[in-house]
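See below for the structure under consideration.
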Amino acid sequence: MTNAMEQLYQQVILDHAKFPHGRGLTTDAVAPGHAIGESHQVNPTCGDEVTLRVDIDPADGVPVLRTVSWEGQGCSISQASISVLTDLVTGAELTEVDRLAETFRQLMHARGAGLDPDQEDALGDATAFTGVAKYPARIKCALLGWAALRDAVARSGAGLPATTSQELP
Amino acid sequence: MSAHLVTPVLTGVELAAVRADFPLLSRTVRGGRPLVYLDSGATSQKPDVVLDSEQDFYRQRNAAVHRGAHQLAEEATEAFEAARAEVASFVGVGSDELVWTSNATAAINLVAYAIGNATAGRGGAAARRFALQPGDQIVVTESEHHANLVPWQELAARTGATLRWIGVDDDGRLRTDQLASVVTDRTRVLAFTHASNVTGAVTDVAPFVARAREVGALTMLDACQSVPNLPVDLAALGVDFAAFSGHKMLGPTGVGALYGRRELLEALPPVMTGGSMVEVVTMETATYAPPPQRFEAGTQMIAQAIGMGAAARYLAELGMHGVAAHEAELTRALLAAVASVPHVRVVGPLDAADRLATVSFVVDGVHAHDVGQVLDDAGVAVRVGHHCAQPLHRRFGVAATARASASVYTTVEEIDVFREALAGVRGFFGLNEVATA
């Protein structure tokens with residue numbers, strides 16, 4: 001086993017892939033005033049796909065992402081990544097969701113070198129994906145869920161101004 | 001035909017000599033592991049003679065072909081046309097029946113767009129035979145690479161023709177029994193693969209050609225996977241058109257070939273227009289060169305065509321019956337390797353007869369991408385994904401497969417390395433062999 005391979009498939013990734021969080025699209029009633037956004041994303045090279053739904057609480061002008069739920073199928077990297085992002089962004093203010101998504105995107109383009117300690121602290125379990133950036137073909141796998149998250153937030157209509165949104169991977 | 005004779009499989013010494021012709025095969029990957037290249041179905045590696053032929057052209061003969069009166073132009077044209085003759089003869093057709101294209105996808109699109117142009121009234125009376133009417137049918141198969149499916153979807157959409165298809169059985173073989181019902185008097189084009197890039201199943205072409213002739217339909221054969229691995233005589237197969245690519249048959253990228261029966265190419269209107277494909281041009285109109293030049297507008301991929309010619313010559317010198325016999329042994333080895341590992345399922349025929357050494361499979365509980373990553377860590381290069389055949393994967397209820405595909409330079413020892421790496425995949429992802437049986 002090469003070191004790069006061990007860094008790619010860290011135990012936290014394997015665990016999330018096996019028992020993903022947030023899986024199963026929620027059918028809960030929408031609370032008054034909440035915005036719902038849903039996005040379907042496909043990785044055309046392998047056919048992996050995810051449908052992700054967000055429930056956003058306007059919370060008097062400081063919108064908060066209340067729940068993330070999703071359904072999808074794909075490789076361990078893509079499934080674990082969606083699971084980790086579910087934990088990370090549930091309950092977060094949208095400004096924070098946007099910051100996390102951008103930080104994760106940067107991590108994926110860091111070629112395995114990681115980010116500043118502050119940024120890595122914010123990402124929590126998602127730093128386990130640092131090794132993915134050494135395998136260019138797998139970066140899209142890790143970003144699939146994040147692309148769906150950003151698109152779902154945008155579609156909810158409760159998102160931030162368009163200037164903060166990054167291009168989808 | 002020598003097909004009934006016993007064809008000698010390459011000996012160990014001969015195979016070692018073949019491998020020595022491919023410089024890339026001696027490199028290592030992923031921390032010093034010897035490369036086991038089992039992705040030849042996507043693209044093959046290239047022997048020195050191919051690499052040298054391209055170098056030699058640029059170093060010694062580089063000039064525009066079919067124009068210029070100088071010596072270099074003569075030599076370049078001669079090498080370019082000699083390569084055409086080499087490739088044409090390799091697949092049993094005439095030089096004037098072989099059109100250079102940028103790849104096999106371009107070759108199939110060329111035919112589809114030419115039919116579209118004929119439908120729009122281009123090409124005069126001779127081209128009327130190709131014109132489609134609303135209600136006409138184009139028939140493909142469920143096994144097609146997107147390259148032999150999407151261009152026909154587009155042609156149907158442009159002309160009002162209807163797209164129909166032949167199904168695939170549980171073994172991945174084409175449902176030849178459906179030809180009588182799916183191909184009808186309204187069928188104008190029957191496009192099908194000679195060998196699937198996913199299942200490895202080799203098509204029995206004869207009933208397809210016979211049914212097409214019965215109803216007066218044109219046949220378009222995707223020969224990308226067959227030409228590098230089997231003796232192929234397109235004229236003897238009796239198809240009207242066929243496409244194959246250079247880079248899958250040990251040649252360069254950027255070049256492919258379209259075969260068209262002489263009388264059809266002569267009647268077919270051009271698609272790409274411009275320089276080199278015309279006779280007389282006025283400000284109002286133009287007349288077109290005879291085939292194959294009519295379909296080769298603009299400066300051609302000269303070095304790549306010469307490289308493809310060198311590849312055809314290399315394979316012809318090895319002898320395609322011997323190549324096929326060697327690969328038949330690899331097919332048996334690959335099927336045995338995959339069968340020996342629990343929880344691995346083949347998508348395609350389990351029988352080695354009429355089958356290429358291209359084996360797609362799924363590992364229970366592990367996504368194809370993850371399978372490929374573990375194999376890659378052992379130095380084994382396979383393809384993962386849908387291999388540009390989404391409908392076929394859907395037919396088998398899977399989004400993606402891993403695919404091991406061999407070529408003339410592949411050894412049985414390499415397949416052993418592949419087998420060992422495959423045997424470790426489920427364990428790596430913590431799947432217990434006993435509990436999940």
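The values are calculated or read from the model by the stated rules, or taken from the named source; none is laboratory data. In this text, all values refer to a predicted model and were calculated from it rather than measured experimentally. Here the Cβ is made from the backbone with ideal geometry for all residues, glycine too, and neighbour counts use every protein chain on show. Calculation scope for accessible area: heavy atoms of the full protein, side chains included, ligands and nucleic acids excluded. Shrake-Rupley method; radii C 1.70, N 1.55, O 1.52, S 1.80 Å.
A few points about this structure:
- All conditions but one from (1) touching a His at 6+ places or on another chain (Cβ under 8 Å); (2) open to solvent by 10 Å² or more (accessible area, probe 1.4 Å) apply to B:Ser226; the one that does not is (2).
- Count of residues meeting criterion [of a type outside the set (A, V, I, L, M, F, W, C) and outside any helix (DSSP H, G or I)] in segment B:406-437: 9
- Segment A:39-84, subset among the hydroxyl-bearing types (Ser, Thr, Tyr) and either away from chain B (no Cβ under 14 Å) or in contact with a strand residue (DSSP E or B) (Cβ under 9 Å, 6 or more places away or on another chain) (or both), residue surrounded by the most Cβ atoms within 10 Å (Cβ to Cβ): A:Ser78
- So B:Pro290, is it surrounded by fewer than 17 Cβ atoms within 10 Å (Cβ to Cβ) and part of a loop (DSSP other than H, G, I, E, B): yes
- Meets criteria (open to solvent by less than 30 Å² (accessible area, probe 1.4 Å), among the β-branched types (Val, Ile, Thr), more than 19 Å from B:Cys224 (Cβ to Cβ) and within 14 Å of chain A (Cβ to nearest Cβ)) for B:Val382: no
- Condition check for B:Gly397: free of Cβ contacts under 8 Å to residues at least 12 places away in the same chain and either more than 10 Å from every other protein chain (Cβ to nearest Cβ) or closer than 23 Å to B:Ser44 by Cβ (or both): yes
- Positions within segment B:12-29 being at pLDDT below 95 and either charged (D, E, K, R) or in contact with a Lys or Arg (Cβ under 6 Å, 6 or more places away or on another chain) (or both), in sequence order: B:Glu14
- Residues of segment B:321-334 satisfying the condition of being more than 21 Å from the chain's Cα centre (by Cα) and either on the phi > 0 side of the Ramachandran plot or surrounded by 22 or more Cβ atoms within 10 Å (Cβ to Cβ) (or both): B:Ala333
- For segment A:16-30, the set of residues classified as modelled with pLDDT of 90 or more and more than 9 Å from chain B (Cβ to nearest Cβ) consists of A:His16, A:Phe19, A:Pro20, A:His21, A:Gly22, A:Arg23, A:Gly24, A:Leu25, listed by residue number.
- Residue in segment B:350-368 that is farthest from B:Thr193 (Cα to Cα), counting only those that are crowded, with 24+ Cβ neighbours inside 10 Å and within 14 Å of chain A (Cβ to nearest Cβ): B:His367
- Taking segment A:63-145 and the helices (runs of 4 or more DSSP H) fully enclosed by it, the elements with 3 or more residues that are touching a Gly at 6+ places or on another chain (Cβ under 9 Å) are at A:76-89, A:94-108.
- Subset of segment B:387-408 that is surrounded by 24 or more Cβ atoms within 10 Å (Cβ to Cβ) and touching a Leu at 6+ places or on another chain (Cβ under 9 Å) - its residue that is farthest from B:Leu149 (Cα to Cα): B:Val408
- Single residue of B:Ala402, B:Ala406 found to be among the aliphatic types (A, V, I, L, M), in contact (Cβ under 8 Å) with a residue 24 or more places away in the chain and within 11 Å of another protein chain (Cβ to nearest Cβ): B:Ala402
- Evaluation of A:Met5 against (1) open to solvent by 20 Å² or more (accessible area, probe 1.4 Å); (2) within 14 Å of chain B (Cβ to nearest Cβ) (one fails), failing number: (1)
- Only a single item in (1) over 25 Å from A:Ala17 (Cα atoms); (2) touching a Leu at 6+ places or on another chain (Cβ under 6 Å) is not met by B:Thr358, and it is number (2).
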